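Notes to accompany the following structure.
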Amino acid sequence: MDLRPDLPDPPEPGSFRDSPLSRALAQPLMLGLFLPIQSGGWSPSLEPRSTSWTFDYNADLTLRAEALGFDLVFGLAEWVRHGGYGGVSRFREESLDPFITATALAALTKRIILISTIHILYGPWHPLHLAKFGATLDHIARGRWGVNVVTGYAPREPVMFGMQKVEHDLRYRMADEFTTILKQLWRSSENVSLSGAYWQLEEAFARPQPRYGLPILVSATGSPAGFDYAGRHSDIAFITSPAGAKLENALPALPDHIAAIKAVGRKHGRDLRTLINPMIVCRDTDAEAWDYYERIVRNADQGAVDGYAQHHALADSKAWKNHRPQDRILGGNIHIIGSPDYVTEQLGNLKRAGYDGLQISFFDFMPDLEYFGARVLPLMRQAGLRN
Ligand SMILES: Cc1cc2nc3c(=O)[nH]c(=O)nc-3n(C[C@H](O)[C@H](O)[C@H](O)COP(=O)(O)O)c2cc1C
């Protein structure tokens, strides 16, 4: 059997009316929580807070998000050296693996979608591993699992595995082959033997099949090669603002950016949805929110800010090129800072710009999530952004 990119994909979770993905897509704006499974979350600041990378903290956040009606939770994947990205906080030195974290969360939760970010080219993973492990997790989660495919932009990561860094666009060609094989394994009713450019299989077979044909396929990228991969394979593209973290710069740039990504999806016959990760600082008044933001920034762990900026400077990612090192103190992708009314208005603006979903994060996750649930979610419902 050859590698058969021409074969139709297995049915997708979005084509089942009762799938968790269909339920999430029925919302005017999907709502996810970006779990802080790494120390420091997204913010290299020493301002006191409860946020913790530990499993228990993240399990509590997930259960709370589920109770508040969020559609999904997500964790990022990274391989960080001793000392993390630096500073007195040793930013992100500790980080839970998102695949195993999602497995444990699957057993604790009932409704919320769980996405694991995976570096499919490290190790290297074999598609047969992910076909088996992923379908197992998909069944534990009863169809609520998705994989966020990342190809590894940081040069220090592949060398940890004894590998050389792979050139940017070649990574996406490899990811394309990997995913094509994965789908072939999930679809095939017979043994699969094939010889691709990067992976070989002989009489390989993987059962069970995922509950809804495929798990939810997500990919995080900001480059033409990555968008092409997303257009071919993904239900959801997890993307950055092309104009940096400041909302007033991002909003005018987003409609064309999102329309271009969706056009790539249509070229491949796919209704590609988009997701972005805003960092929300919300207090009763705009002044209080900005005051809190200023405290976060004033207490920056400057060694960590510099170390993280250097990490990005070494990388070949095209997605973050307009994000300034100072924006990384709060972190995330777009900053939304203000009162509940202001935050709701801006979330509406992101929907009008074309986003299908938001993967939000906070500085102090648990109290900020509670506040968001109490003060912003009701306004989102009133504004027609949530059912
Ligand atoms: C929103 C978003 C989230 C990402 N999350 C991760 C991650 O968790 N781990 C990782 O290694 N790369 C992550 N990336 C990096 C991308 O997977 C990609 O490798 C990087 O952006 C370089 O590729 P690009 O030039 O296609 O953007 C993320 C990118 C985006 C846009």
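The values are calculated or read from the model by the stated rules, or taken from the named source; none is laboratory data. Treat the numbers as computed from the prediction; the structure is a model and nothing was measured. Cβ sites come from the backbone with ideal geometry, for glycine too, and all protein chains shown count toward neighbours. Side chains included, ligands, DNA and RNA excluded: accessible areas come from the protein's heavy atoms. Shrake-Rupley method; radii C 1.70, N 1.55, O 1.52, S 1.80 Å.
Descriptive notes on the structure:
- Residues located in region 71-87, provided they are more than 13 Å from the ligand (Cβ to nearest atom) and part of a loop (DSSP other than H, G, I, E, B): 71, 81, 82, 83, 84, 85, 86, 87
Residue-by-condition table, conditions (1) under 28 Å from residue 306 (Cα atoms); (2) outside any helix (DSSP H, G or I):
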position: 89; (1), (2): yes, yes
position: 100; (1), (2): no, no
position: 103; (1), (2): no, no
position: 110; (1), (2): no, yes
position: 124; (1), (2): no, yes
position: 131; (1), (2): no, no
position: 134; (1), (2): no, no
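- Taken together, the residues in region 296-335 that are farther than 25 Å from residue 358 by Cα and open to solvent by 70 Å² or more (accessible area, probe 1.4 Å) amount to 6.
- Within region 35-70, considering residues that are away from the ligand (no atom under 16 Å from the Cβ) and hydroxyl-bearing (Ser, Thr, Tyr), the one surrounded by the fewest Cβ atoms within 10 Å (Cβ to Cβ): 50
- Checked against (1) in contact with a Lys or Arg (Cβ under 8 Å, 6 or more places away or on another chain); (2) crowded, with 21+ Cβ neighbours inside 10 Å, residue 111 passes all but a single condition, namely (2).
- Residue within region 356-379 that is crowded, with 17+ Cβ neighbours inside 10 Å, out of contact with any Asp or Glu (no Cβ under 8 Å at 6 or more places or on another chain), modelled with pLDDT of 90 or more and closer than 18 Å to residue 253 by Cα present: yes
- Among the residues listed as 223, 219, the single one being within 9 Å of the ligand (Cβ to nearest atom), modelled with pLDDT under 95 and within 30 Å of residue 4 (Cβ to Cβ): 223
- Some residue of region 201-218 being part of a strand (DSSP E or B), in contact with a Ser or Thr (Cβ under 7 Å, 6 or more places away or on another chain) and within 16 Å of residue 273 (Cα to Cα): yes
- Residue check, residue 210 open to solvent by less than 10 Å² (accessible area, probe 1.4 Å) and more than 15 Å from the ligand (Cβ to nearest atom): yes
- Against the numbered list (1) touching a strand residue (DSSP E or B) at 6+ places or on another chain (Cβ under 8 Å); (2) in contact (Cβ under 8 Å) with a residue 24 or more places away in the chain, residue 200 comes up short only at (2).
- Top-ranked residue in region 248-292 [being open to solvent by less than 10 Å² (accessible area, probe 1.4 Å) and part of a helix (DSSP H, G or I); ranked as nearest to residue 342 (Cα to Cα)]: 289
- Residue match in region 149-158 (condition: among the hydroxyl-bearing types (Ser, Thr, Tyr) and either assigned to a strand (DSSP E or B) or away from the ligand (no atom under 14 Å from the Cβ) (or both)): no
- Screening region 226-247 for residues that are of a type in the set (Ser, Thr, Tyr) and outside any helix (DSSP H, G or I) and picking the one that is nearest to the ligand (Cβ to nearest atom) gives 240.
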